[in-house]
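The values are calculated or read from the model by the stated rules, or taken from the named source; none is laboratory data. Quick caveat, the model's predicted, so the values are computed rather than measured. Neighbour counts run over all protein chains shown; Cβ positions are idealised from the backbone, glycine included.
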């Protein structure tokens, strides 16, 4: 039972909520990002004038149906795809410079662990590429593996772990080189609900202890409302932002909060946003 | 990234480069042209000393351009120029009546007949053996390991014995060559078809069981259709091996007709260009046979609903 | 296997061995009873068969096989007699039929056993083909010696084996010439070059799109025909054979390696891009390991192709040694037992080579799903 009433602001898309802390450093500053590509059936506007500012330490979720551009937006921020117009600054630099400076860790929908490497070696993969020393690699691998509660599995191979455990390794790997930003593209989508709940709790705990900025793409309304400090509701055709919702649940929240009326109110607002964006239409 | 309009209004050159037909064939054409160019350079380089020496022997005055021209037209070159081979090839194919002993068509037909006969025999035996293995657990466990082992044995090396032994019994000409070809292609077809007949998902076989299907019905309605891709893949491998077998079978007894015989003759008498023509002929045969099988495969696949 | 069929087969075996006591072993030869040791052994075999028939299940395997081995031994011992070899009659063949029938029954029964225990399953999977092969060899031996087939036509396995053992120096020299020098060197060059060009083709997409169709085209050609040209360029000795092998192994490796290098998934590629990995780092950490199953597929195909290529290349001309050389010259001389010995050598070399590559494959691609059924 929460002791503090969650502070919910019904601010619209363009306003920043009143905060009582000093203005945070902007980790992502996107302005009028558009991405159009040609297909056999004509032009598709994957993103249309999307603007977003993300401060340090925030947990921002992107939610919307397939094709609304949430994954595309994440990939644009990660410099895995280039926008056709608009300006973007990640961590104070261009997206490409941010990528070359290894400013973010990316977690995909699938664990993407290399089956020929043990768990330990998988964790060391980014560290090898980025030129960390052997001692440093070993230390970080052990540390981040313990953070996701998988100590003891160093010598195992990915196929010997369950899907949920593999995804935890993937998260640890994304954190191992201490990036400023963590980008997660539906990381729990392929897991069953019970594992998903468990991992939601673990992710929240990680975020609290490490204080990283997280951009999180999801299909699931409860997951978005549970995890985020801000929710960006998107809709397709063209891909654009419908609503940005602040939610400030207490940091030590547990899964029980999902049944509280405040939670349900925010979830309803998300759903309304999705409906307004014709996400539920055929 | 600063804002820049990477507008989608391409220049005409870019449109041409992006045209699907150009994109598809440009790399191949470029590579082929590059290879031909390298061939010409290599021909000049390799035939240089040969031509130079022959000029010196004949004590005729020569210039560099004479040698250059000579390398393109040598009688017994180390590496004939592409146009020399093309010329000889066309002469051998179109210059003589098809069944004359000097016509390349005649030799190709001789080899082709052995190839096809061997291929058909090998295919039939291979498929029959595969059917037997799939339906008998005993045969699967006792015979299949030996068949797999035989893949590792250089069976082509057996060609000479076969010819000699069969010759001793009195079989000569087409039949021993066909038997060797059949023997060579029967193994890959048998293994390929075993894989094909056992490829259906166990779920589908169980489904047939729920309908009380007899083994024969399962064979015709499930196993055969599932095995079709494997059939064509192994037929392509088999026809290539069959052709190689027919060619190699012509070597030990110094046969007088067939592509293998032409290769042998070319190498004995130093007729390099003739040798290369024979190689081109075998390449044409091989490519032609595989194309025919591919065409049939495409037709069958279309009949079975593939896109 | 149906116990009744098992029992019936073994009873037939008993009947056959009884026949051996009654029918003549060869034309004008005394009966089995007059040969000491032989007839006791034959009786023993018969008793074992009866015992096996009585059990009619897996317990009958041991006595059945033991009886088959004894009967086979009796027949082979009888063949030592010059009066029998070459003109064997019904009595002798009855013993052969006994041995074969009992062995066949046991092999069939063994093959139809269903066990769940992995260890036992593996033992059966090895035992069945071995017994089957042993039976075939046995039948070959008695058929050749019993019918008196001229050795020029088809030597018996024992003759071929003895020729093998007595010609070891020649075989070793041939092996060295063909395999060590021709095959191994050509294989290394061909596969290495194929892999290098594939890596280049992967790096420069234009090159890849041009080379792949060409590679497919050349893979299908009878490249062994290039042997006489290689002889012209490199001389009669092993370099020309190595050149043929290199050419023959180049294209399958090229095609398979190109396919393997593009086998890495999109997500893994994006992952490395997010790490800003250099092309060389991506190659060593992702593309090459992911391509290993394909590369080994090509290595296995090439193992056989290389050996065939070297031997066939020798048919076109070679100095005084080499497996292909020996086969063609000895075949011309009708010394077929030497030919079979050389073929056995080539077979052993081929299987050992292939087995070696398979072991290397298992060690390096243990992680591939195909090993995890």
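When the residues of segment C:135-161 are narrowed to those that are in a helix (DSSP H, G or I) and within 11 Å of chain B (Cβ to nearest Cβ), which ends up farthest from the chain's Cα centre (by Cα)? Reasoning before the result, please.
Residues of segment C:135-161 that are in a helix (DSSP H, G or I), as a first pass: C:135-147, C:157-161.
With the extra rule that they be within 11 Å of chain B (Cβ to nearest Cβ), the set shrinks to C:135-136.
Numbers: C:135: 16, C:136: 14 Å.
Filtering segment C:135-161 for residues that are in a helix (DSSP H, G or I) and within 11 Å of chain B (Cβ to nearest Cβ), the one farthest from the chain's Cα centre (by Cα) comes out as C:135.
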Original post:
Of all residues in segment C:332-343 being part of a helix (DSSP H, G or I) and within 9 Å of chain B (Cβ to nearest Cβ), which is farthest from residue C:162 (Cα to Cα)?
Top reply: C:332
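Name the single residue, out of those in segment A:89-111 being within 11 Å of chain C (Cβ to nearest Cβ) and either in a helix (DSSP H, G or I) or out of contact with any strand residue (DSSP E or B) (no Cβ under 9 Å at 6 or more places or on another chain) (or both), that is surrounded by the most Cβ atoms within 10 Å (Cβ to Cβ).
Restricting attention to segment A:89-111, the residues satisfying the condition of being within 11 Å of chain C (Cβ to nearest Cβ) are A:96-111.
Among the residues that remain, those that are also either in a helix (DSSP H, G or I) or out of contact with any strand residue (DSSP E or B) (no Cβ under 9 Å at 6 or more places or on another chain) (or both) are: A:96-100, A:102, A:110-111.
Details: A:96: 14, A:97: 15, A:98: 26, A:99: 21, A:100: 12, A:102: 18, A:110: 18, A:111: 22.
The residue in question is A:98.
Does segment B:282-300 hold any residues that are away from chain C (no Cβ under 13 Å) and touching a residue at least 40 places away in the same chain (Cβ under 8 Å), and which are they? Walk me through it before giving the result.
Taking segment B:282-300 as the starting set, the residues that turn out to be away from chain C (no Cβ under 13 Å) are B:295-300.
Those that are away from chain C (no Cβ under 13 Å) and touching a residue at least 40 places away in the same chain (Cβ under 8 Å): B:296, B:297, B:300.
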Original post:
Got at least one residue in segment A:261-268 being within 20 Å of residue A:188 (Cα to Cα) and either out of contact with any strand residue (DSSP E or B) (no Cβ under 6 Å at 6 or more places or on another chain) or part of a loop (DSSP other than H, G, I, E, B) (or both)?
Top reply: yes
**OP:** Considering each of C:291, C:346 in turn, give the residue that is facing chain B (nearest Cβ under 8 Å) and crowded, with 21+ Cβ neighbours inside 10 Å.
**Re:** C:346
**OP:** Name, by its number, the condition in (1) in a helix (DSSP H, G or I); (2) away from every other protein chain (no Cβ under 14 Å); (3) free of Cβ contacts under 8 Å to residues at least 12 places away in the same chain that does not hold for residue B:96.
**Re:** (1)
Original post:
Take the residues of segment A:58-71 that are surrounded by fewer than 23 Cβ atoms within 10 Å (Cβ to Cβ) and closer than 13 Å to residue A:235 by Cβ: which is modelled with the highest pLDDT?
Top reply: A:65
Original post:
If residue C:356 satisfies every condition in (1) surrounded by fewer than 24 Cβ atoms within 10 Å (Cβ to Cβ); (2) within 8 Å of another protein chain (Cβ to nearest Cβ); (3) without any contact (Cβ under 8 Å) to a residue 60 or more places away in the chain but one, which is the exception?
Top reply: (2)
Original post:
Of the residues B:144, B:129, which is touching a residue at least 60 places away in the same chain (Cβ under 8 Å) and in the same structural domain as residue B:187 (by TED's automatic domain parsing)?
Top reply: B:129
Original post:
Among the residues of segment B:123-142 satisfying the criterion of being facing chain C (nearest Cβ under 7 Å) and buried (at least 22 other Cβ atoms within 10 Å of the Cβ), which is farthest from residue C:155 (Cα to Cα)?
Top reply: B:141
Original post:
Taking segment C:265-285, which residues are within 7 Å of chain A (Cβ to nearest Cβ) and under 18 Å from residue C:364 (Cβ atoms)?
Top reply: C:285
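Just checking: which of the helices (runs of 4 or more DSSP H) contained wholly in segment C:174-278 hold 1 or more residues that are modelled with pLDDT of 90 or more?
Details: elements: C:185-203, C:205-219, C:227-234, C:238-261, C:266-274.
Filter on segment C:174-278 gives C:185-203, C:238-261, C:266-274.
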**OP:** Select, from C:104, C:159, the only residue that is crowded, with 18+ Cβ neighbours inside 10 Å, within 24 Å of residue B:168 (Cα to Cα) and at pLDDT 80 or above.
**Re:** C:159
**OP:** Determine if segment C:295-316 includes at least one residue that is facing chain B (nearest Cβ under 10 Å), crowded, with 20+ Cβ neighbours inside 10 Å and outside any helix (DSSP H, G or I).
**Re:** yes
**OP:** Please work out which residue is nearest to residue B:260 (Cα to Cα), limiting yourself to segment B:159-180 and to residues that are out of contact with any helix residue (DSSP H, G or I) (no Cβ under 6 Å at 6 or more places or on another chain) and within 7 Å of chain C (Cβ to nearest Cβ).
**Re:** B:165
**OP:** Would you mention how many residues in segment C:247-264 are within 14 Å of chain A (Cβ to nearest Cβ) and either without any contact (Cβ under 8 Å) to a residue 12 or more places away in the chain or within 34 Å of the chain's Cα centre (by Cα) (or both)?
**Re:** 2
Original post:
Within segment C:185-212, how many residues turn out to be within 7 Å of another protein chain (Cβ to nearest Cβ) and either touching a strand residue (DSSP E or B) at 6+ places or on another chain (Cβ under 6 Å) or loosely packed, with under 15 Cβ neighbours inside 10 Å (or both)?
Top reply: 1
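How many residues, within segment A:125-134, are within 25 Å of the chain's Cα centre (by Cα) and touching a residue at least 40 places away in the same chain (Cβ under 8 Å)? Spell out the reasoning first.
As a first pass, look at segment A:125-134 and keep what is within 25 Å of the chain's Cα centre (by Cα): A:125-130.
After this cut, where a residue has to be touching a residue at least 40 places away in the same chain (Cβ under 8 Å) as well, the list is A:125-127, A:130.
So the answer is 4.
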**OP:** Determine which member of the set B:105, B:110, B:120 is away from every other protein chain (no Cβ under 14 Å), in a helix (DSSP H, G or I), within 13 Å of residue B:277 (Cβ to Cβ) and within 21 Å of the chain's Cα centre (by Cα).
**Re:** B:105
Original post:
With A:177, A:153, A:114 as the choices, which residue is touching a helix residue (DSSP H, G or I) at 6+ places or on another chain (Cβ under 7 Å), more than 14 Å from every other protein chain (Cβ to nearest Cβ), buried (at least 16 other Cβ atoms within 10 Å of the Cβ) and not in a helix (DSSP H, G or I)?
Top reply: A:153
**OP:** State whether the residues of segment C:101-108 include one that is within 14 Å of residue C:9 (Cβ to Cβ), within 14 Å of chain B (Cβ to nearest Cβ), more than 22 Å from the chain's Cα centre (by Cα) and outside any helix (DSSP H, G or I).
**Re:** no
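Residues to consider are B:73, B:91; find the one that is part of a helix (DSSP H, G or I) and either closer than 26 Å to residue B:292 by Cα or without any contact (Cβ under 8 Å) to a residue 12 or more places away in the chain (or both). It would help to see each step written out before you state the result.
On the way: B:73 fails: part of a helix (DSSP H, G or I).
Of B:73, B:91, the one residue that is part of a helix (DSSP H, G or I) and either closer than 26 Å to residue B:292 by Cα or without any contact (Cβ under 8 Å) to a residue 12 or more places away in the chain (or both) is B:91.
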**OP:** Test residue C:164 against the criterion of being over 25 Å from residue C:335 (Cα atoms), in contact with a helix residue (DSSP H, G or I) (Cβ under 8 Å, 6 or more places away or on another chain) and either without any contact (Cβ under 8 Å) to a residue 60 or more places away in the chain or not in a loop (DSSP other than H, G, I, E, B) (or both), and give yes or no.
**Re:** no
**OP:** Quick one: in segment B:273-285, of everything that is surrounded by fewer than 22 Cβ atoms within 10 Å (Cβ to Cβ) and within 14 Å of the chain's Cα centre (by Cα), which residue is farthest from residue C:232 (Cα to Cα)?
**Re:** B:284
**OP:** State all residues of segment A:180-229 that are surrounded by fewer than 18 Cβ atoms within 10 Å (Cβ to Cβ) and under 24 Å from residue A:34 (Cβ atoms); if no residue qualifies, say none.
**Re:** A:219
Subject >> Subset of segment B:132-191 (residues that are farther than 16 Å from residue C:346 by Cβ and not in a helix (DSSP H, G or I)) >> reply: B:136, B:170, B:171, B:172, B:173
